[in-house]
Amino acid sequence: MTTIAHLSDLHFGRLDEKVAEILLEELHSQRPDVIVVSGDFTQRARRREFEAARNYVARFPSRPLMVPGNHDVPTFNLLERFIRPTARFRHWLEKERYPRQDHASVSLLGINTARPGGWYTDWSRGRISSEQLSTIQQRFRGHEELGVRILVTHHPFLFPPEQEGRHLVKGPKDTLESLASCGVDLVLAGHFHRAWSDLVATRHPEVPSIVVAQASTSTSTRLKTEPNAYNWIEVDLPSLHITSHEWREGRFASTVSKAYRRDGGGWTRTE
């Protein structure tokens with residue numbers, strides 16, 4: 001079995017220090033095989049926030065797979081925002097454009113869905129380029145030996161229940177079809193500060209089955225209807241379990257847990 005701790009939206013600059021320290025203790029106690037942080041390490045992409053984030057993840061029991069979020073793109077320095085939008089993230093946290101990790105029965109690839117802006121008012125929205133889709137294809141398509149093929153992004157492809165009105169990755173259904181054709185099994189994301197997982201087929205029945213899991217903000221004070229949380233994922237083929245660990249009364253406690261199973265037709269939900 002392979003275990004994954006899925007963190008997201010740390011938001012240094014709006015950090016809850018007590019929650020952050022308890023989370024660090026949990027990571028050292030549970031020793032997951034893989035740690036993933038799906039973006040928004042900072043609040044305003046300030047250098048001091050990136051430095052604090054770097055110092056924090058350096059205390060993890062292992063090096064995490066990290067991708068940037070929209071908050072990791074400079075807010076106030078517009079020249080840097082549009083000329084070198086991820087330069088600070090690359091300097092302080094992750095130099096690789098496409099970070100990869102392989103552990104036993106899982107293979108992970110991270111991509112950057114954050115963009116500096118566009119011809120729309122909400123610059124927090126995400127995108128995936130044709131180059132990125134090509135990289136995903138080269139990494140995963142036809143490589144069943146990789147086990148569970150996991151894509152890590154910041155922006156989600158589906159809305160959680162009872163949440164609409166914010167932008168998903170542009171062209172989410174078409175992108176999900178492309179990901180399914182590449183052999184992606186699981187997509188990990190953040191952004192909405194909601195802990196949730198489900199099958200893509202529940203929203204898009206015509207798309208081959210993929211599991212999506214979104215994480216809440218793990219350590220910040222920027223709560224949006226839900227407490228701080230992280231996802232604990234257990235991969236024991238053909239089974240996959242995703243459990244939300246929520247902050248309750250001074251500690252993290254396991255709450256909602258969902259199980260999935262892979263067969264010849266893809267992934268299905270199990271009790």
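The values are calculated or read from the model by the stated rules, or taken from the named source; none is laboratory data. Note that the structure is a prediction, hence the values are computed from the model and not measured. Quick reminder, even Gly has a Cβ in these numbers, built from the backbone with ideal geometry, and neighbours come from all protein chains shown. The protein model used for the area step is the full one, side chains on, heavy atoms only, and it has no ligands, DNA or RNA in it. Shrake-Rupley method; radii C 1.70, N 1.55, O 1.52, S 1.80 Å.
Miscellaneous remarks
- Positions within the stretch 223-261 being of a type in the set (Lys, Arg) and surrounded by 17 or more Cβ atoms within 10 Å (Cβ to Cβ), in sequence order: Lys258
- For Leu65, the criteria (1) on the phi > 0 side of the Ramachandran plot; (2) open to solvent by less than 10 Å² (accessible area, probe 1.4 Å) hold in every case but one, which is (1).
- In the stretch 17-47, the residues that are open to solvent by 50 Å² or more (accessible area, probe 1.4 Å) and part of a loop (DSSP other than H, G, I, E, B): Arg31, Asp33, Arg44, Arg46
- Count of residues meeting criterion [hydrophobic (A, V, I, L, M, F, W, C), within 25 Å of Ala5 (Cα to Cα), touching a helix residue (DSSP H, G or I) at 6+ places or on another chain (Cβ under 9 Å) and modelled with pLDDT under 95] in the stretch 104-132: 2
- When the stretch 197-222 is filtered for residues that are open to solvent by less than 10 Å² (accessible area, probe 1.4 Å) and polar (S, T, N, Q), the ones remaining, listed by number, are Ser197, Gln214, Ser216, Thr217, Ser218, Thr219, Ser220.
- Members of the stretch 48-103 found to be in contact with a helix residue (DSSP H, G or I) (Cβ under 8 Å, 6 or more places away or on another chain), in a helix (DSSP H, G or I) and among the basic types (Lys, Arg), listed by number: Arg54, Arg88
- Among the conditions (1) within 23 Å of Arg100 (Cβ to Cβ); (2) open to solvent by less than 40 Å² (accessible area, probe 1.4 Å), Gly142 misses just one, which is (2).
- Hits in the stretch 185-240 - residues which are free of Cβ contacts under 8 Å to residues at least 40 places away in the same chain and touching an Asp or Glu at 6+ places or on another chain (Cβ under 7 Å): Arg194, Val207, Pro227, Ala229, Pro238
- Only residues that are open to solvent by 10 Å² or more (accessible area, probe 1.4 Å) and modelled with pLDDT of 95 or more were counted in the stretch 1-16, giving 6.
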